[in-house]
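Following: one structure in structure tokens, then a few remarks.
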Amino acid sequence: MFRPIRGMKDLYGVSAKKYEYITEVATKIGAKYGYSLITTPTVEATEVFQRSIGDETDVVSKEMYTFVDKGGDSITLRPEGTAGVMRAIVSNNLAQSLPVKLMYHGEMFRYDRPQKGRYRQFHQVGAECVGDKSPYTDATLICMATEILSGIGIFDFKVLLNTLGDKETREAYTKGLVKYFSRHEDKLSEDSKRRLGKNPMRILDSKDEGDREICQMAPLITDYLSKESAQYFRKVCELLEVCDINFEVDNFLVRGLDYYSETAFEFKSTAGDYDDAIGGGGRYDDLLKVFGGADVSGIGFAFGVERLMLLLDDEKFKEDIRKVAVIPVTDDENDYAFQLLKSLYEAGVPSEFIHHGNLGKKMKVADRQNCKIAIIIGEDEVKNEVYTVKFMDCTDDREKTKSVAAANIVSFIKHNL
């Protein structure tokens, strides 16, 4: 028997309904904020992600699904959505009128240890705003993201906020980190030792317990902020307070990708059964330029859809469609019954055509398929142009069965369904 590849799963039934619901709510709220939908290819040139995400990130160094195609090109299944959107903006000349505000949703791929809410094939829904660098834009985007969560029905979460500063800030902070971590180099993990000489800020994102303990006493970026970055971050915080966004400043929040600068944020669930990150994002100053585009700033976020799905009640997404079963008694009535089925579909009535087996078996099938009404069509019904209607859940024998004229059947069903 073939099974899904480890860390990848089928979406059907309740999970498929949750996915559809989350993406519909997100795109509807995004449209209110001026974001239109974009769909980018699942596969991109490997360099799209190497140049933007950063070689020293776990995503690029350990997690990407990369292979050489039959044409000899190195291609990668997208591990995140932002880089592909930036490439698409440049490829399609979308930056001629700024700002560009786009939303996306779809599959992402990372070779990671599968665990609750974390899969090797997963889905994200996200948004990007390019060409408008302002604390007001940052605050508005975070407000939009929190509205998406509440619109979906998720309220138990907190917003973690930090600043990664401008180029001047990061250069000064990098020197401070190198000086600090060099004193503890013998205790760092092998990954962090390698990053010390290339991108020491990545050490702050390490999952190694020893590294995390050392990071607790590391210098804070707030001590290195340029005057401009400090003012920018203060304004973002002030605006979030105006918007009644409950946030906490986390000085060690750096996010997992190299392209972030200035504002960085993360949404963390505070629900008892799942208290992990459910999404996040931040500002990026040079990302579009990497792909040959204009030298403009952007900001974006993404939610992990599977993680959001864990926080939604399954019962609310179970099958509850009131359906009608169209049941010919014998094969002789099939064509006549099929005409009725067509009329019900045209009227927008969810219906099932059950025409295999004897009448008793057909009624059992209608019950299993959660049909609330059965329309039975036999020889007498065809002859007299009257349908026998049975209400499957009715316990009153006097009300359970009705005879309805063929000319009135559609309106009768719509009224009683």
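Every number here is computed from the coordinates shown, using simple stated rules; none is lab data. Note that the coordinates shown come from a computational prediction; the quantities given were computed from them, not determined experimentally. Here the Cβ is made from the backbone with ideal geometry for all residues, glycine too, and neighbour counts use every protein chain on show.
Dipole of the stretch 320-416 computed with +1 at Lys/Arg Cβ and -1 at Asp/Glu Cβ about the Cα centre; of 360, 336, 350, farthest Cα towards the positive end is 350.
Please go through the stretch 114-159 and write out the trypsin sites (Lys or Arg not before Pro) that DSSP classes as loop and that have at most 15 other C-beta atoms within 10 Å. Loop-located and lightly packed - 116. Relative to the Cα centre, the charge distribution of the stretch 81-166, modelled as +1 at Lys and Arg Cβ and -1 at Asp and Glu Cβ, gives a dipole magnitude of about 400 debye. Applying the Karplus relation 6.51 cos²θ - 1.76 cosθ + 1.60 with θ = phi - 60° to the stretch 30-40 yields 3J(HN,Hα) values of x, 4, 4, 8, x, 9, 9, 8, 10, 10, 9 Hz, where x marks Gly and Pro.
Between residue 415 and residue 175, the FRET efficiency from the beta-carbon distance, with R0 = 60 Å, is close to 0.20.
Across the stretch 320-416, the relative contact order, built from alpha-carbon pairs under 8 Å that are at least six residues apart, equals 28 percent. Multiplying the residue separation of residue 246 and residue 187 by 0.36 nm and removing their Cα-Cα distance gives an extension gain of 17.6 nm. Restricting to DSSP loop positions (anything but H, G, I, E, B) with no more than 10 other Cβ atoms inside 10 Å of their own Cβ, which chymotrypsin sites (Phe, Trp or Tyr not before Pro) remain in the stretch 319-415? Passing both the DSSP loop test and the Cβ count: no residue. Using Cβ point charges alone (K and R +1, D and E -1), the dipole size of the stretch 318-373 about the Cα centre works out to roughly 340 debye.
Using the 2.2 N^0.38 Å rule of thumb for compact globular proteins, work out how the stretch 90-210 stacks up: its C-alpha Rg over that value, please. Walk me through the numbers before you get to the answer.
Values: Rg = 18.9 Å, N = 121, 2.2 N^0.38 = 13.6 Å.
Output field value: 1.39.
Under a model in which nothing but the beta-carbon of Lys, Arg (+1) and Asp, Glu (-1) is charged, the chain shows a dipole of about 340 debye around its Cα centre. Over the residues of the chain, the helix contribution to mean residue ellipticity at 222 nm works out to -11000 deg cm²/dmol, using -39500 (n - 2.57) for each DSSP H run of at least 4. Dipole of the stretch 203-246 computed with +1 at Lys/Arg Cβ and -1 at Asp/Glu Cβ about the Cα centre; of 214, 203, 243, farthest Cα towards the positive end is 243.
Would you work out the Kirkwood radius for the stretch 320-416? I mean one over the mean of 1/r across all pairs of different Cα atoms, in Å.
Numbers: mean 1/r = 0.0758 Å⁻¹.
Evaluated over the stretch 320-416, this radius sits at 13.2 Å.
Amide H contacts of residue 386 (H built 1.01 Å from N, in plane; Pro and chain starts excluded): 406 sit under 5 Å, all sequence-distant by 5 or more or on other chains. Amide hydrogen proximity for residue 278: with H placed 1.01 Å from N in the peptide plane, the residues at 5 or more positions away or on another chain lying under 5 Å are 267, 268, 269. Computed from phi, the 3J(HN,Hα) profile of the stretch 68-73 under the Karplus parametrisation 6.51, -1.76, 1.60 (θ = phi - 60°) reads 9, 7, 5, x, x, 8 Hz, with x in place of Gly and Pro.
Considering only 310, 376, 391, and ranking their Cα positions along the charge dipole of the stretch 288-413 that arises from unit charges at the beta-carbon of Lys, Arg, Asp and Glu, the one farthest toward the positive end is 310. When 75, 354, 5 are sorted by how many other C-beta atoms sit within 10 angstrom of their C-beta, beginning with the fewest, the order is 5, 75, 354. For the stretch 226-237, putting each phi into the Karplus relation 6.51 cos²θ - 1.76 cosθ + 1.60 with θ = phi - 60° gives couplings of 5, 4, 5, 5, 4, 5, 4, 5, 4, 5, 4, 4 Hz, in residue order, rounded to whole numbers and with x for Gly and Pro. Length gained on full extension, residue 42 to residue 395: 121.8 nm, using 0.36 nm per residue less the C-alpha separation. Restricting the stretch 54-116 to chymotrypsin sites (Phe, Trp or Tyr not before Pro) that sit in a DSSP loop and have at most 10 other Cβ atoms within 10 Å of their own Cβ leaves nothing.
Taking the inverse of the mean 1/r over every pair of distinct Cα atoms in the chain gives a Kirkwood hydrodynamic radius of 25.0 Å. Local charge for residue 350 was computed over the other residues whose Cβ lies under 15 Å away, with Lys and Arg +1 and Asp and Glu -1, and equals +2.
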